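Novice: For reference, the structure I am asking about is given below.
The values are calculated or read from the model by the stated rules, or taken from the named source; none is laboratory data. The shown structure was predicted, so the numbers you read here are calculated from the model rather than taken from an experiment. FYI the Cβ positions are ideal-geometry reconstructions off the backbone, even for glycines, and counts take in every protein chain you see.
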Amino acid sequence: MRRNFTFSWAVVWLIGITVIALAAPLIAPYNPRLPVGAALSPAGDGTMLGTDGLGRDLLSRLMYGARYSLLSSLAATLITLSIGLTLGLLASGSVGFVDRMLLALANAGLAIPGLLLAMLFVAGIGPGLPTVILAVGLGGSPGFIRLARSIFKSLMQEGYVDAARALGAGRVRIALFHLLPNAMPQLVALATTHYAWAFLGTTTLTFLGLAGDPSLPEWGAMLDAGRTYLIQAPILSLLPGLLITLTVFAVHRAGLGLSTSSQPG
Amino acid sequence: MVPLPNRSHLQLLTVIGRRLIEGLFTAWAAVTLTFFALRIAGGDPADNLLAQGLASAEQAQALRQQLGLDHPLGIQYLEFMRNLTRGDLGISLYTARPVGRVIGEQLPYTIALALSGLMIALALGFVFGALAAWRERTAEGRFAAAMSDLATALPVAFTGILILYLALMLSLAIGRPMAAPGLLLPAIVLGITSSGPIGRVVQAGLRESLNSEYILAARARGLPGGARLLWHAVRPALSPVISLIALEAAYLFSGTVVTETVFSRPGLGRLLVKSILEADFPIAQALVVLAALFYTTSHILADLAAIMLDPRQRRAG
């Protein structure tokens with residue numbers, strides 16, 4: 001009962017910010033990259049939440065920020081998913097050497113904390129938002145490969161896999177048409193929980209300035225940019241920080257809700 | 001104490017030996033992954049410097065020769081591994097100083113921060129975890145469990161800025177300008193962040209052991225309430241906590257990256273961010289290699305400690 005309550009609120013929150021993110025160009029009062037008035041002007045003075053250190057409208061930047069933060073972590077999650085599912089399927093479908101090599105690769109990757117692995121990729125490619133997305137996607141892969149592999153491995157024991165094999169289905173057919181659809185509920189829950197990590201990862205890397213563009217209207221970058229004015233205008237960094245926290249929390253709760261409902265019994 | 005029979009000693013040694021070999025393999029694989037990930041993702045580091053306008057074409061070519069980047073990747077890898085076993089981590093591209101020395105200078109700051117952060121995390125985690133398990137159905141138990149959840153959900157960057165903001169407000173309120181943030185504030189931030197998972201594991205472990213048969217047996221032997229919680233229940237609950245500390249110790253490093261940035265504190269985390277922004281790949285590579293080695297070492301130590309603490313795990317291997 002309680003879980004359902006928090007689950008519903010998490011979903012409502014996520015739908016809300018997704019709508020704002022999608023509609024940002026339509027509903028944002030100003031251009032998020034251009035100054036609209038005096039720097040650090042207070043709320044209500046022509047702008048709803050005041051302006052930042054360069055005189056840009058905070059509300060518009062937060063709206064576009066939802067767009068940048070949600071989309072870049074979504075892209076990172078999709079990268080992780082495609083790597084994790086491909087290699088996870090490959091590992092569970094093959095016996096012996098390939099499986100063991102892929103598992104060793106995933107374990108080696110897991111010996112480096114995901115955030116550091118992501119930072120390593122940024123070090124290799126050079127700062128920038130596309131790099132951050134790719135890096136977070138790659139950095140989260142080792143864990144996802146291992147989890148996907150264990151889900152597929154456990155499904156391999158099911159009767160319908162034997163039945164399909166007896167009917168002459170090949171490995172690829174079993175993987176794509178039998179394992180993948182049956183693993184879907186667990187994979188969706190796993191991907192949702194992973195999205196929380198990816199969101200935290202992207203906003204952390206942009207907070208560290210690794211997107212290379214300090215004026216980017218993105219929540220992590222805004223959390224960083226607002227630090228300079230912590231006394232004059234604390235809202236500039238506290239608000240994006242709060243939004244990041246609530247979103248991570250909501251995605252996490254949504255993932256928990258999905259994983260409890262996807263497991264029978 | 002009855003001495004252990006010889007066979008179980010041998011069994012213990014086999015478990016430990018296998019764990020050591022596994023650990024060595026993981027460490028080697030992680031270091032190899034670091035090397036190739038950086039090369040494959042980045043292509044040629046000299047080209048990166050060129051592209052970012054940090055070096056001229058001639059400088060880039062000279063750098064390529066100096067770093068041996070004109071050799072095949074396999075040769076570069078062997079060279080890298082040979083230097084690594086000798087403790088040679090390379091030369092910084094930006095300052096031309098040995099990477100080992102640059103890291104050595106920043107290391108004490110991060111160790112001080114990580115250790116004090118871990119202390120605070122353990123204190124908070126144990127208090128909230130034990131309270132949540134011991135007073136499970138009361139308001140304070142639920143409050144303690146909620147605190148662990150909250151600590152887990154808070155991003156380090158936000159906790160850091162919130163604590164910094166509160167400290168600034170406090171110093172304004174008492175009319176004294178805040179001195180340069182020392183160790184305490186960053187350690188609190190790091191501690192809060194890591195206390196969440198510790199609290200949850202302590203809670204889960206204690207709840208399980210409080211309901212177990214050996215606690216029932218101890219109670220049947222007439223053990224009083226307080227001592228029962230303290231020793232009998234905590235000891236088996238400790239081994240997952242110790243494994244978690246090993247995990248956390250490596251993740252603490254990710255936390256210090258953010259904490260050091262928030263508080264403008266010197267240390268390895270700041271060094272890592274700086275080296276990435278300056279395209280100083282030998283430093284970034286060395287830091288990730290060290291993190292991976294540290295992670296595998298602390299993991300092995302945690303597993304050995306678990307074997308010592310919980311006799312049931314000696315049979316696992």
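Novice: Exactly one condition in (1) in contact with a helix residue (DSSP H, G or I) (Cβ under 9 Å, 6 or more places away or on another chain); (2) outside any helix (DSSP H, G or I) is false for A:Met63; which is it?
Specialist: The number of the failed condition is (2).
Novice: State yes or no: is A:Thr51 without any contact (Cβ under 8 Å) to a residue 40 or more places away in the chain and in contact with a strand residue (DSSP E or B) (Cβ under 8 Å, 6 or more places away or on another chain)?
Specialist: Criteria met by A:Thr51.
Novice: Say whether the condition of being modelled with pLDDT of 90 or more and within 14 Å of another protein chain (Cβ to nearest Cβ) is met by at least one residue in the range A:174-191.
Specialist: no
Novice: In the range A:211-250, what residues are more than 19 Å from A:Tyr64 (Cα to Cα) and not charged (D, E, K, R)?
Specialist: Once the filter is applied, which keeps residues that are more than 19 Å from A:Tyr64 (Cα to Cα) and not charged (D, E, K, R), the range A:211-250 yields A:Thr228, A:Tyr229, A:Leu230, A:Ile231, A:Gln232, A:Ala233, A:Pro234, A:Phe249, A:Ala250.
Novice: Moving on. Output the residue which, of all residues in the range B:84-99 that are surrounded by fewer than 16 Cβ atoms within 10 Å (Cβ to Cβ) and small (Gly, Ala, Ser), is nearest to B:Ala291 (Cα to Cα).
Specialist: Among them, the one singled out is B:Gly87.
Novice: Now for a separate question. Residue check: is B:Asp88 outside any helix (DSSP H, G or I) and within 24 Å of B:Phe253 (Cα to Cα)?
Specialist: Yes: the conditions hold for B:Asp88.
Novice: Out of all the residues in the range A:139-153, which are surrounded by fewer than 22 Cβ atoms within 10 Å (Cβ to Cβ) and in contact with a Phe, Trp or Tyr (Cβ under 9 Å, 6 or more places away or on another chain)?
Specialist: A:Gly143
Novice: In the list B:Phe80, B:Phe35, which residue meets the criterion of being more than 14 Å from every other protein chain (Cβ to nearest Cβ), crowded, with 18+ Cβ neighbours inside 10 Å, out of contact with any Pro (no Cβ under 7 Å at 6 or more places or on another chain) and at pLDDT 80 or above?
Specialist: Exactly one of B:Phe80, B:Phe35 is more than 14 Å from every other protein chain (Cβ to nearest Cβ), crowded, with 18+ Cβ neighbours inside 10 Å, out of contact with any Pro (no Cβ under 7 Å at 6 or more places or on another chain) and at pLDDT 80 or above, namely B:Phe80.
Novice: Among (1) touching a residue at least 40 places away in the same chain (Cβ under 8 Å); (2) loosely packed, with under 13 Cβ neighbours inside 10 Å, there is one condition B:Ser116 misses while meeting the rest; what is its number?
Specialist: (2)
Novice: Considering only residues of the range B:127-152 that are surrounded by fewer than 20 Cβ atoms within 10 Å (Cβ to Cβ) and within 16 Å of B:Gly191 (Cβ to Cβ), which is farthest from the other protein chains (Cβ to nearest Cβ)?
Specialist: Ranking the qualifying residues of the range B:127-152, first place goes to B:Val127.
Novice: Could you check the range A:121-239 for helices (runs of 4 or more DSSP H) lying wholly inside it with 3 or more residues that are within 25 Å of A:Leu34 (Cβ to Cβ)?
Specialist: The helices (runs of 4 or more DSSP H) meeting that bar are A:129-139, A:180-207, A:219-225.
Novice: List, please: which pairs have Cβ atoms under 9 Å, are six or more places apart or on different chains, and start with a residue in the range A:88-105 that is within 14 Å of chain B (Cβ to nearest Cβ) and end with one that is of a type in the set (Lys, Arg) and crowded, with 19+ Cβ neighbours inside 10 Å?
Specialist: A:Leu102/A:Arg149; A:Leu103/A:Arg146; A:Leu103/A:Arg149
Novice: Here's something else I'd like to know. Kindly check whether there is at least one residue in the range A:106-115 that is touching a residue at least 40 places away in the same chain (Cβ under 8 Å), polar (S, T, N, Q) and either farther than 27 Å from A:Leu176 by Cβ or part of a helix (DSSP H, G or I) (or both).
Specialist: No, that holds for no residue.
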